[in-house]
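The values are calculated or read from the model by the stated rules, or taken from the named source; none is laboratory data. Remember, predicted model here, so these are calculated numbers, not experimental data. Here Cβ is always computed from backbone atoms with ideal geometry, including for glycine, and neighbour counts include all displayed protein chains. Accessible surface is based on the protein model in full, side chains and every heavy atom, while ligands, DNA and RNA are left aside. Shrake-Rupley method; radii C 1.70, N 1.55, O 1.52, S 1.80 Å.
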Amino acid sequence: VTPAAAPDIVRFGVAVTLRDATGATRVLRIVGEDEADPARGLVSWVSPAAEALIGARVGDRVTVAGQAVEVARLA
């Protein structure tokens, strides 16, 4: 699946930049189960992290792996 050039919502194929309370960022991309590699930031669309993120927009706050983070950017 090719994501939109400028996605406005988290969905399959989208890379999500997350920012925590300290300002640190990390990027997660929602991928298929066979592509998942959490160490590289590739999370399965059926993972708890993806379930927390799908449908979120820039500026939304979500909880991923027990940590509150802000959706800072979508690509």
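Identify which of 15, 39, 56 has the largest mean-square fluctuation in a Gaussian network model of the chain, with springs joining Cα atoms closer than 10 Å. Fluctuation is largest for 39.
Secondary-structure-derived ellipticity at 222 nm for the chain, considering helices only, amounts to -2000 deg cm²/dmol, per-run term -39500 (n - 2.57) for DSSP H runs with n ≥ 4. Annotation for the chain: trypsin sites (Lys or Arg not before Pro) lying in DSSP loop with at most 11 further Cβ atoms inside 10 Å of their Cβ are 57.
Where Lys and Arg each count +1 and Asp and Glu each count -1, what net charge lies around residue 57 among other residues with Cβ under 13 Å from its Cβ? Every neighbour counted, the sum reads 0.
The fraction of accessible area contributed by carbon and sulfur in the chain is 52 percent, rounded to a whole number (1.4 Å probe; ligands and nucleic acids excluded).
How much net charge surrounds residue 45 when only the other residues with a Cβ under 15 Å from the Cβ of residue 45 are counted, with Lys and Arg +1 and Asp and Glu -1? Cβ neighbours under 15 Å give a net charge of -3.
Oblate is the label for the chain, because the ratio a/c of its alpha-carbon gyration tensor axes (a ≥ b ≥ c) is 1.5 or higher and a/b is not greater than b/c. Taking 7 Å steps out from each Cα toward its Cβ at residue 68 and residue 35 produces label points 3.2 nm apart. Excluding residue 13 itself, what net charge comes from residues whose Cβ is under 11 Å from its Cβ, given Lys and Arg +1 and Asp and Glu -1? Net charge around residue 13: +1. Couplings for segment 13-22, taken from phi via the Karplus curve 6.51 cos²θ - 1.76 cosθ + 1.60 with θ = phi - 60°, read x, 8, 8, 10, 8, 10, 10, 8, 5, 8 Hz in order; Gly and Pro are left as x. For the chain, the solvent-accessible area of protein heavy atoms averages 59 Å² per residue (probe radius 1.4 Å; ligands and nucleic acids excluded).
Considering only 23, 55, 32, the mean-square fluctuation computed in a Gaussian network model of the chain, springs between alpha carbons under 10 angstrom, is largest for 23.
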